[in-house]
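Data block below; observations after.
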């Protein structure tokens, strides 16, 4: 009987010691997954800006379609609180901010001007399944190329 009690106590102690490592690992995995999806969007956006021409008036611009799978939480990944693409004014860059499970906000940059289809910031959240994004090269108000992103609802 004492063996069983000792086994349970020892198991509980091992689990209590291991859980912070599992939690840290899930945060790292989520951050890597988010960075990978940002890279997917960046590759499509920079391809449009570098390899395509702006459309003539009243024509659709060149497009790329990508699917992203943002983390929604679980045992091996933490939930994504927010992911925001905000164009840096007067540049061809976009600031990308994301936060994972209440952790400090992370910032990276995309080398293409990315905006939402309505012209504002592009905000994405994690959720079940993949999200299809359509990226289109269009001129902004000054006639410079910008990549508009429209999301299909999940």
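The values are calculated or read from the model by the stated rules, or taken from the named source; none is laboratory data. Just so it is clear, the model here is predicted, and its values are computed rather than measured. Counting neighbours? That spans all protein chains shown, and the Cβs are built from the backbone with ideal geometry, glycine included.
Close contacts from segment 60-71, counting a first residue that is touching a residue at least 40 places away in the same chain (Cβ under 8 Å) and at negative phi and a second that is surrounded by 19 or more Cβ atoms within 10 Å (Cβ to Cβ) and in a loop (DSSP other than H, G, I, E, B), with Cβ to Cβ under 6 Å and a gap of 6+ residues or different chains, come to 70/126; 71/77; 71/126. What are the residues in segment 81-115 that are surrounded by 22 or more Cβ atoms within 10 Å (Cβ to Cβ) and farther than 28 Å from residue 136 by Cβ, if any? Result: 100, single match. Listed by position, the strands (runs of 3 or more DSSP E) inside segment 44-154 whose residues that are under 13 Å from the mean Cα position of the chain (by Cα) and more than 20 Å from residue 28 (Cα to Cα) number at least 3 are 131-139. Within segment 84-105, the set of residues being modelled with pLDDT of 90 or more and in contact with a helix residue (DSSP H, G or I) (Cβ under 9 Å, 6 or more places away or on another chain) comprises 85, 92, 94, 96, 98.
Applying the condition of being more than 14 Å from residue 129 (Cα to Cα) and surrounded by 15 or more Cβ atoms within 10 Å (Cβ to Cβ) to segment 64-80 and asking which residue is modelled with the lowest pLDDT yields 77. Residues in segment 15-31 that are modelled with pLDDT of 75 or more and under 15 Å from residue 104 (Cα atoms): 3 in all.
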